[in-house]
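**Q** My questions all concern the structure below.
The values are calculated or read from the model by the stated rules, or taken from the named source; none is laboratory data. What you see is a predicted model, and the numbers here were worked out from it, not measured in a lab. Reconstructed Cβ throughout: ideal geometry from the backbone, glycine too, with neighbour counts over all protein chains shown. Ligands, DNA and RNA are excluded from the accessible area calculation, which covers all protein heavy atoms including side chains. Shrake-Rupley method; radii C 1.70, N 1.55, O 1.52, S 1.80 Å.
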Amino acid sequence: MSVTPLAAHASARPTPAFRGRIGGDARSGHYAVPGRYRLHLSTACPDGLRIAVTHSLLGLDTVCPATFLPAVPDTPEGSHCALRPLYEASAHHYTGPAVAPVLSDDWSGRIVSTHAPDIMRDLARRFGSDRPSPYPCGAESEIEAVERMCAQGIEQAAQSAGSAGGDEAERAAALETLLETLGALECWLVGRTYMIRDEVTAADVELWVALVQLDTVHRNHLDASAVQRIADHPVLWAYARRLAAHPAFGTHLDLDGIERRHHARCQGLEAAGAAVQILDWAAHASDGNGTGPQVSRT
């Protein structure tokens, strides 16, 4: 799929506090051992949702257990108290926020990585099972292109279009970028079940989470006309609906948590688009009621 206008732009995600990698053997320091590592995730957070879906696609519940955190951090500065010991053990005099997602090493009690794309790739490459990999051989450039398209053409564009700051022309231009991206995806998905292969890949995880955020978070700051134009992509939203029914996707869809996280963090003004829901996610999520992940939370 062509994403040339976006290919030169880097992702807008914040710089990770830790960016270690899991290597292939003991010389790497962090090497793959079942049960050694643990994920700390909030599925109300987009990165946490991406990792949780990838983790489920790979079937790694026992190989790399996951601890699920509350949707809203429990300190005023946005930290999870449960993560503070890991951050302090991993960096001397660490004073930044203790945020998720985190991949930790149970052997050392320290953090390996807080960088979601690296975590997802290492889970697939170092702990792969007999299940299809979300990162199939030869697909990396396509997956990276979809990542950029989602980050720039959907997430950043939607945020700018609904921003209370900036001028009207900037918001209008951002909305057009968003609509052009959705239009390109609509055309691309005609006759396709998944984005780049005949089975689920990381490209589908990226796009699905971006669409969840667009409908559950960003539309709250857009006017009703804009949301109607966004909704006018039936192939794209049918694709999102199908993936919501997939057990690895829908069981992690914490709609209440996403709403609470959004209201706890958001500084913007609510617009008329808040009343124009595009998908009834609760009806389509694979747990049958959309109340959130049906997994053990500690």
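**Q** Could you figure out which of (1) within 23 Å of residue 204 (Cβ to Cβ); (2) assigned to a loop (DSSP other than H, G, I, E, B); (3) at pLDDT 95 or above; (4) open to solvent by 60 Å² or more (accessible area, probe 1.4 Å) isn't true of residue 141?
**A** Of (1) within 23 Å of residue 204 (Cβ to Cβ); (2) assigned to a loop (DSSP other than H, G, I, E, B); (3) at pLDDT 95 or above; (4) open to solvent by 60 Å² or more (accessible area, probe 1.4 Å), only one is false for residue 141: (2).
**Q** Let me ask another. Out of the residues in region 1-31 that are closer than 30 Å to residue 187 by Cβ and small (Gly, Ala, Ser), which is modelled with the highest pLDDT?
**A** Going through the qualifying residues, I end up with 12.
**Q** Right, another one. Filter region 162-180 for residues that are under 22 Å from the mean Cα position of the chain (by Cα) and in contact (Cβ under 8 Å) with a residue 40 or more places away in the chain; which is most open to solvent (accessible area, probe 1.4 Å)? Before you say what the answer is, go through the steps one by one.
**A** Applying the first criterion (under 22 Å from the mean Cα position of the chain (by Cα)) to region 162-180 yields 162-163, 174-175, 177-180.
Those left that are additionally in contact (Cβ under 8 Å) with a residue 40 or more places away in the chain: 162-163, 175, 178-179.
On the way: 162: 17, 163: 49, 175: 27, 178: 0, 179: 20 Å².
Result: 163.
**Q** Given the criteria at pLDDT 95 or above and farther than 22 Å from residue 162 by Cα, does residue 231 qualify?
**A** On the way: at pLDDT 95 or above: yes; farther than 22 Å from residue 162 by Cα: no.
Taking the combined requirement at face value, the residue does not satisfy it.
**Q** Right, residue 158: assigned to a helix (DSSP H, G or I), open to solvent by 30 Å² or more (accessible area, probe 1.4 Å), out of contact with any Asp or Glu (no Cβ under 6 Å at 6 or more places or on another chain) and aliphatic (A, V, I, L, M) or not?
**A** Spelling it out, it is not the case that residue 158 is assigned to a helix (DSSP H, G or I), open to solvent by 30 Å² or more (accessible area, probe 1.4 Å), out of contact with any Asp or Glu (no Cβ under 6 Å at 6 or more places or on another chain) and aliphatic (A, V, I, L, M).
**Q** For residue 196, work out the one condition from (1) within 29 Å of residue 70 (Cβ to Cβ); (2) β-branched (Val, Ile, Thr); (3) touching an Asp or Glu at 6+ places or on another chain (Cβ under 7 Å) it doesn't fulfil.
**A** In the conditions (1) within 29 Å of residue 70 (Cβ to Cβ); (2) β-branched (Val, Ile, Thr); (3) touching an Asp or Glu at 6+ places or on another chain (Cβ under 7 Å), residue 196 misses (1) alone.
**Q** Among the residues of region 75-92, is any open to solvent by 60 Å² or more (accessible area, probe 1.4 Å), farther than 19 Å from residue 128 by Cα and among the aromatic types (Phe, Trp, Tyr)?
**A** For region 75-92, residues open to solvent by 60 Å² or more (accessible area, probe 1.4 Å), farther than 19 Å from residue 128 by Cα and among the aromatic types (Phe, Trp, Tyr): absent.
**Q** Looking at region 186-213 only, could you name the residues that are open to solvent by 70 Å² or more (accessible area, probe 1.4 Å) and on the phi < 0 side of the Ramachandran plot?
**A** Scanning region 186-213 gives 187, 190, 192, 193, 197, 198, 199.
**Q** Yes or no: residue 34 outside any helix (DSSP H, G or I), closer than 23 Å to residue 149 by Cβ and at pLDDT 75 or above?
**A** In short, no.
**Q** I'm trying to understand the selection: among the residues of region 134-161, which are at negative phi, without any contact (Cβ under 8 Å) to a residue 40 or more places away in the chain and not hydrophobic (A, V, I, L, M, F, W, C)?
**A** Selection gives 140, 141, 144, 160.
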